[in-house]
Amino acid sequence: MAVVKWLRRNLVVIAGLLTLAYMILPNVVVMVFSFNKPNGRFNYAWQQFSTDAWADPCGVADLCGSLALSLQLAAWATLGATILGTMIAFALVRYRFRARGAINSLIFLPMAMPEVVMAASLLTLFLNMGAPLGFWTVLIAHIMFCLSFVVTAVKARVMSMDPRLEEAARDLYAGPVQTFVRVTLPIAAPGIAAGALLAFSLSFDDFIITNFNAGSTVTFPMFVWGSAQRGTPVQINVIGTAMFVIAVLVVLGGQFIASRRKNSASPK
Amino acid sequence: MTVTEAPPATEEPPVHKVSARKRLVPYWLLLPGILWLLVFFALPLIYQGSTSVQEGSLEAGFKVTWHFQTYWDALAEYWPQFIRSLLYAGTATILCLLLGYPLAYLIAFKAGRWRNLVLVLVIAPFFTSFLIRTLAWKTILADGGPVVGVLDALHVLDVTSWLGWTEGSRLLATPLAVVCGLTYNFLPFMILPLYTSLERIDGRLHEAAGDLYATPATTFRKVTFPLSMPGVVSGTLLTFIPAAGDYVNAELLGSTDTKMVGSVIQSQFLRVLDYPTAAALSFILMAIVLIMVTVYMRKSGTEDLV
């Protein structure tokens, strides 16, 4: 009876932890199988422990090339989408202008559209214009679908900003440029950073839109997709695991620094 | 009189000029981004609309003939894939809500000092490419693997294959595997909006409900859940929309019997090169999703007010 009672009281916690396990399980499998030595071309069944793939992560043709391309693409797409998106977000929050409704829906629609629809229609445009498919068409597409997400992230932050801070800066004889650089930008920075981070991960991990518009260019997700047909090298798991570990360390490190800064800033 | 009146007259134009320049600021800020969206999002949709009513072949070229028959032909041939897409995406969305809600609740109210760690664990899977993680499900659900073994021993697979969700003692290449993959892939998109709206709820409301002799269940039904509705709405949208157009899970974890409409669009566009049919299919998908989203947002908006 005590057990039943305990289960009932902690039902939410147990259900939540089970969901968390469901979400983490594939990452564990990816990690474990990065130490596998598969028999055939596919790395789906466990054979024996080996660190071969970790010793030679670029040992598969084109793998690291596609990874470098994806990183480069994500960096440029992030830069483009963050600049354009931040400008739009500031205009939307701070100014009155005509056609606000139309502009709002133009920003909302890409997020409410299945990716395959955008991918197909963009390909139609490129084919009609005779644009050669490759790095540039993919970059254009990535900036397009990241843009709305950056706008949403930055807008949320700018909206919660106290406009009196900027008024105070102007009262203290700061010029418009100085006010923007010394007051507005630092306060909006977390929103901009969140938008940029979102854009980077969306671009880096995008498959559907890229697959339609890349031509013969191969990004990392496209390499993984192709290998699901031809044979999955263990190195894919190595890179997946490395990305996971690095990202978690960066996030935890950032939180550690933030919490320490908070502690030292708060009066004792 | 004329002397005193003159200064304001000369002073006004510059003031006016500055405000005119200021009035243009938002347009300059909007211009590049909006232009980008117009050219690379809106214009392609128009091109696609025109492609869907064209006729012709790759060799002879395509011409607009207002051939709306393509839409009927496409629907007649591929309606099972449409139904399947909506069914799989709908099921995955409900599963995401059922699985995601307890976890979001846990992070918002029960995690205490573990909150940040659990949040990181929710976002962390994102950092490994979703294709690699989806391939991992091939290993987890593999024939003769532990998951299949346990479910088979418990006779769960008998029930699911009687329902038509699985076939024999297999999980891979079945509808259940595809829905399981969709649910897995879009869970974070459900959990994060849910968590955001749950976290905003004032804890004192729970205390007040308790003080008024509400049981925990009643408190949840009358206070917590209604207040989390914005998160439920945006979470279900963020899950359903991408799931309806997804073809990665159907291709990697399913079989030819589990093809979703995204697969069809992709193969018509990239392999069969039947552009009008592909464009028509993509337009129908867009219309279905937009109508469903609009109706749903209207409905949930009114529920919010009640």
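The values are calculated or read from the model by the stated rules, or taken from the named source; none is laboratory data. Predicted, not measured: the structure shown is a model, and the values here were computed from it. Methodologically, a virtual Cβ is constructed for each residue, glycine included, from the backbone with ideal geometry; neighbour enumeration extends over all protein chains shown.
For segment A:1-93, give me every one of the helices (runs of 4 or more DSSP H) that falls completely inside it and has 1 or more residues that are hydroxyl-bearing (Ser, Thr, Tyr).
Fully inside segment A:1-93 and qualifying: A:11-33.
I'd like to verify a number: residues in segment B:76-98 that are within 10 Å of another protein chain (Cβ to nearest Cβ) and buried (at least 22 other Cβ atoms within 10 Å of the Cβ), how many?
Of the residues in segment B:76-98, 3 are within 10 Å of another protein chain (Cβ to nearest Cβ) and buried (at least 22 other Cβ atoms within 10 Å of the Cβ).
Which of the residues spanning segment B:159-178 are over 14 Å from B:Val147 (Cα atoms) and surrounded by 23 or more Cβ atoms within 10 Å (Cβ to Cβ)?
B:Thr174, B:Pro175, B:Val178
Just for helices (runs of 4 or more DSSP H) wholly inside segment B:156-249: which have at least 2 residues that are touching a residue at least 12 places away in the same chain (Cβ under 8 Å) and under 19 Å from B:Pro125 (Cβ atoms)?
Per the criteria, B:175-199, B:229-245.
Conditions: (1) surrounded by fewer than 19 Cβ atoms within 10 Å (Cβ to Cβ); (2) closer than 19 Å to A:Thr217 by Cα. A:Tyr95 meets all but one. Number of the miss?
Failed condition: (2).
For residues that are in contact with a Leu (Cβ under 6 Å, 6 or more places away or on another chain) and of a type in the set (Lys, Arg), tally how many sit in segment A:193-250.
The number of residues fulfilling the criteria is 0.
Which count do you get for residues in segment B:30-49 that are among the β-branched types (Val, Ile, Thr) and in contact with a helix residue (DSSP H, G or I) (Cβ under 8 Å, 6 or more places away or on another chain)?
Final tally of qualifying residues: 1.
Any chance you could count how many residues in segment A:224-241 are within 9 Å of chain B (Cβ to nearest Cβ) and either within 24 Å of A:Ala77 (Cβ to Cβ) or aromatic (Phe, Trp, Tyr) (or both)?
Counting residues in segment A:224-241 that are within 9 Å of chain B (Cβ to nearest Cβ) and either within 24 Å of A:Ala77 (Cβ to Cβ) or aromatic (Phe, Trp, Tyr) (or both) gives 6.
For segment B:65-80, enumerate the residues that are free of Cβ contacts under 8 Å to residues at least 12 places away in the same chain and either in a loop (DSSP other than H, G, I, E, B) or of a type in the set (Gly, Ala, Ser) (or both).
Passing the criteria: only B:Ala76.
Being assigned to a helix (DSSP H, G or I), outside the structural domain of B:Gln266 (by TED's automatic domain parsing) and either touching a Lys or Arg at 6+ places or on another chain (Cβ under 7 Å) or over 21 Å from B:Pro276 (Cβ atoms) (or both) is the requirement here; does B:Leu43 meet it?
So B:Leu43 fails the test.
Out of B:Val293, B:Val261, which single residue is surrounded by 24 or more Cβ atoms within 10 Å (Cβ to Cβ), out of contact with any strand residue (DSSP E or B) (no Cβ under 9 Å at 6 or more places or on another chain) and within 12 Å of another protein chain (Cβ to nearest Cβ)?
B:Val261
Take the residues of segment B:164-189 that are on the phi < 0 side of the Ramachandran plot and among the aliphatic types (A, V, I, L, M): which is nearest to the other protein chains (Cβ to nearest Cβ)?
Across segment B:164-189, the extreme among qualifying residues is B:Leu187.
Please verify whether B:Phe62 is surrounded by 11 or more Cβ atoms within 10 Å (Cβ to Cβ) and either assigned to a helix (DSSP H, G or I) or among the charged types (D, E, K, R) (or both), treating the condition exactly as stated.
no
Here are the criteria: (1) touching a strand residue (DSSP E or B) at 6+ places or on another chain (Cβ under 9 Å); (2) free of Cβ contacts under 8 Å to residues at least 40 places away in the same chain. Tell me which single one A:Val251 does not satisfy.
Condition (1) is where A:Val251 drops out.
Residues of segment A:148-164 being out of contact with any helix residue (DSSP H, G or I) (no Cβ under 6 Å at 6 or more places or on another chain) and surrounded by 12 or more Cβ atoms within 10 Å (Cβ to Cβ), which ones?
A:Thr152, A:Ala156
Just need a number here: residues in segment B:124-155 that are more than 7 Å from every other protein chain (Cβ to nearest Cβ), among the charged types (D, E, K, R) and touching a residue at least 60 places away in the same chain (Cβ under 8 Å).
Final tally of qualifying residues: 0.
Collect the residues in segment B:35-69 that are away from chain A (no Cβ under 14 Å) and β-branched (Val, Ile, Thr), keeping them in residue-number order.
Within segment B:35-69, B:Thr65 is the sole residue that qualifies.
For segment A:197-218, name all the residues that are more than 10 Å from every other protein chain (Cβ to nearest Cβ) and in contact with an Asp or Glu (Cβ under 8 Å, 6 or more places away or on another chain).
Answer for segment A:197-218, where residues must be more than 10 Å from every other protein chain (Cβ to nearest Cβ) and in contact with an Asp or Glu (Cβ under 8 Å, 6 or more places away or on another chain): A:Ile209, A:Val218.
Just one of A:Phe135, A:Phe126 is within 17 Å of A:Ile209 (Cβ to Cβ), more than 7 Å from chain B (Cβ to nearest Cβ), among the hydrophobic types (A, V, I, L, M, F, W, C) and surrounded by 19 or more Cβ atoms within 10 Å (Cβ to Cβ); which is it?
Of the residues listed, the single one that is within 17 Å of A:Ile209 (Cβ to Cβ), more than 7 Å from chain B (Cβ to nearest Cβ), among the hydrophobic types (A, V, I, L, M, F, W, C) and surrounded by 19 or more Cβ atoms within 10 Å (Cβ to Cβ) is A:Phe126.
For segment B:80-120, give me each residue that is over 21 Å from the mean Cα position of the chain (by Cα) and hydrophobic (A, V, I, L, M, F, W, C).
B:Leu106, B:Ile107, B:Ala108, B:Phe109, B:Ala111, B:Trp114, B:Leu117, B:Val118, B:Val120
If I filter segment A:259-268 for residues that are within 11 Å of another protein chain (Cβ to nearest Cβ), in a helix (DSSP H, G or I) and not hydroxyl-bearing (Ser, Thr, Tyr), do I get at least one hit?
Within segment A:259-268 (the criterion being within 11 Å of another protein chain (Cβ to nearest Cβ), in a helix (DSSP H, G or I) and not hydroxyl-bearing (Ser, Thr, Tyr)), the answer is no, since none of the residues qualifies.
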